[in-house]
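The values are calculated or read from the model by the stated rules, or taken from the named source; none is laboratory data. What you see is a predicted model, and the numbers here were worked out from it, not measured in a lab. Don't worry about glycine lacking a Cβ; one is built from the backbone with ideal geometry, like all the others, and counts go over all protein chains shown.
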Amino acid sequence: MTLMDGDLDELEINIILALQEDARKSFKSIAKELNVSEGTISNRVNRLTQKGILKLEARVNPFALSTKVAALLGINLKHRCHAQAVTEIRALPNVNAVWVTTGKYDIFVEVMADSINDLNDFIFDRGINRVNGIESTETHIMLQSETKFFKISRE
C-alpha cells in the first residue's frame, strides 16, 4: 500500500522516522540514507504534508522554560456541540492541542501559559470561559514530561 491508497509505504515510514530523529536533516542526507533521489524525498514529504499526515513545525519544551506552565483541561459539554466548541477553543491563545474523546470528558485541551496567574486568567476570565456550551472543566497542571513539546503563542 502507498499513500495513494490511504496508507504509508516503507519509504514514507522511513522518511518520517528520519525527520522525527532530526527535523532539520536535509532531504539530500535522507535520500542518501534511504538510497533514493533527493527529489523523491521532497515529493514524498510534500505529499505527506498536503494530505495532512505530516506536519513540520517548531515546538518548545515547557519544562525547560522556567516561566511556562503546561496544563491539560478535561471539558464536558452541555450538549453534543463538539464541532463548534472545538473551533472556538482552537482560536484561543495558549491552546496547543484539542482532542474530542470518549470517556469521562468530551474534549481535552493542552494549554501553555506564562504563569499560574495567566492560566487562571485563561480558565476564568479571558479564555475557556468564553466558549459556548461548556458545562464543566477539570484542570491538570503538568509537572514533567520527556516527550511533550508545545507551540509558543504571541498572546
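The table below lists the values:
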{"quantity": "Output for region 116-143, where each listed residue is at negative phi and among the small types (G, A, S)", "calculated": "G127, S136"}
{"quantity": "Which numbered condition E146 misses (of (1) closer than 27 Å to Q20 by Cα; (2) surrounded by 13 or more Cβ atoms within 10 Å (Cβ to Cβ))", "calculated": "(2)"}
{"quantity": "Residue in region 8-18 that is buried (at least 16 other Cβ atoms within 10 Å of the Cβ), assigned to a loop (DSSP other than H, G, I, E, B) and more than 19 Å from the chain's Cα centre (by Cα) present", "calculated": "yes"}
{"quantity": "Residues (outside any helix (DSSP H, G or I) and either in contact with a helix residue (DSSP H, G or I) (Cβ under 9 Å, 6 or more places away or on another chain) or aliphatic (A, V, I, L, M) (or both)) located in region 116-145", "calculated": "G127, V131, N132, G133, I134, T137, T139, I141, M142, L143, Q144, S145"}
{"quantity": "In region 76-113, the residues that are of a type in the set (D, E, K, R) and either in contact with a Cys (Cβ under 9 Å, 6 or more places away or on another chain) or buried (at least 16 other Cβ atoms within 10 Å of the Cβ) (or both)", "calculated": "E88, D106, E110"}
{"quantity": "Residues within region 47-70 that are surrounded by 11 or more Cβ atoms within 10 Å (Cβ to Cβ), at pLDDT 85 or above and not charged (D, E, K, R), tallied", "calculated": "6"}
{"quantity": "Failed condition for L73, given (1) in contact with a strand residue (DSSP E or B) (Cβ under 7 Å, 6 or more places away or on another chain); (2) outside any loop (DSSP other than H, G, I, E, B); (3) exposed (fewer than 11 other Cβ atoms within 10 Å of the Cβ)", "calculated": "(3)"}
